[in-house]
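K.L.:
Handing you a structure now.
The values are calculated or read from the model by the stated rules, or taken from the named source; none is laboratory data. Fair warning: this is a prediction, and the values are worked out from it, not measured in the lab. So basically every Cβ, Gly included, is an ideal-geometry build from the backbone, and we count neighbours across all protein chains shown. Areas reflect the complete protein model, heavy atoms only, side chains present, ligands, DNA and RNA absent. Shrake-Rupley method; radii C 1.70, N 1.55, O 1.52, S 1.80 Å.
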Amino acid sequence: MAESSKLKTGIFSGSFNPIHIGHLALANYLCEYEGLDEIWFMTSPQNPLKAGTELWPDELRLRLVELATEGYPHFHASDFEFHLPRPSYSVHTLKKLHEAYPEREFYLIIGSDNWTRFDRWYQSERIVKENRILVYPRTGFPVNENGLPETVRLVHSPTFEISSTFIRHALDEKKDIRYFLHPKVWEYITEYIRQEGINESSSTPSDDEG
């Protein structure tokens, strides 16, 4: 796939349940070291490959992403998938993005753990054919760079072994984990829990990404 003069825009899609410093540090690296002009944190209302009962409300997760990303000009919080039919598959999201923003070249950002099972993604071959993909390393999921398709590139970012599951459980245990979260996210979450608590959805899946 030839180089393009379009704005290089990374799509970092996830439940962000909640967003934490691992997400932010990875995205920061991709902007500063891998040539992306922007990264859109695309909060997903549903991930077809995951199941569980610990998904925080859509509006809360999106608000936390907005707070975490508002201070860095290369980051953008997106609710794009909230307005698409559910379940929202990546192939459909990317198609709609290309149609809505023809001035941009989109890069799907996924972990090496997801790349190892990418053939399970809906219309995975079409995603690879029509889009660029950046794969970041996850511990225990090595990727053979020599065997990657032309549109797929492995980046050599640091690994951040923090999970949203850990964050949720720590909050349930009333642990002070402020340094695992953006300061504005920590402030908002603690006040939200104090006033309202967090009602977890039983109809949508959890987010266990690092």
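K.L.:
According to a simple spin-label model (label point 7 Å from Cα along Cα-to-Cβ), what is the distance in nm between Glu38 and Glu103?
P.N.:
According to this spin-label approximation, the distance is 0.9 nm.
K.L.:
Now for a different question. With the crude spin-label approximation of a point 7 Å out along Cα→Cβ, what separation in nm comes out for Lys6 versus Thr139?
P.N.:
For Lys6 paired with Thr139, the spin-label model returns 3.7 nm.
K.L.:
Classify the range 1-126 as rounded, prolate or oblate, taking a ≥ b ≥ c as the square roots of the eigenvalues of its Cα gyration tensor: rounded when a/c is under 1.5, otherwise prolate if a/b is larger than b/c and oblate if not.
P.N.:
Judged from the Cα gyration tensor, the range 1-126 comes out rounded (a/c under 1.5).
K.L.:
For the chain, count the residues as N, evaluate 2.2 N^0.38 Å, and divide the Cα radius of gyration by that value, please.
P.N.:
0.99
K.L.:
Here is a follow-up. Taking the mean number of other Cβ atoms within 10 Å as a proxy for protection, how do you rank 62-71, 99-108, 141-150, 8-17 from highest to lowest?
P.N.:
Result, highest mean Cβ count within 10 Å first: 8-17, 62-71, 99-108, 141-150.
K.L.:
So what is the accessible area of the range 60-210 per residue, in Å², with the probe set to 1.4 Å?
P.N.:
So the range 60-210 comes to 56 Å² accessible per residue, rounded to a whole number.
K.L.:
Quick one: of the DSSP bridges fully inside the chain, what percent are antiparallel, nearest 5?
P.N.:
5 percent
K.L.:
Taking 0.36 nm per residue of sequence separation and subtracting the Cα-Cα distance, how much length would be gained by fully extending the chain between Lys95 and Ala170, in nm to one decimal?
P.N.:
23.2 nm
K.L.:
Moving on to the next point. Mind giving me the FRET efficiency for Leu148 and His83? R0 is 45 Å, r the Cβ-Cβ distance, nearest 0.05 is fine.
P.N.:
Here the calculated transfer efficiency is 0.90.
K.L.:
Give the lysines whose C-alpha is closer than 30 Å to that of Lys96, dropping any in the same chain fewer than 8 places away, or say none.
P.N.:
Lys6, Lys8, Lys50, Lys129
K.L.:
Read phi for every residue in the range 151-156 and hand back ³J(HN,Hα) as whole Hz from Karplus 6.51 cos²θ - 1.76 cosθ + 1.60, θ = phi - 60°, with x for Gly and Pro.
P.N.:
After applying 6.51 cos²θ - 1.76 cosθ + 1.60, I find 8, 10, 9, 8, 9, 10 Hz.
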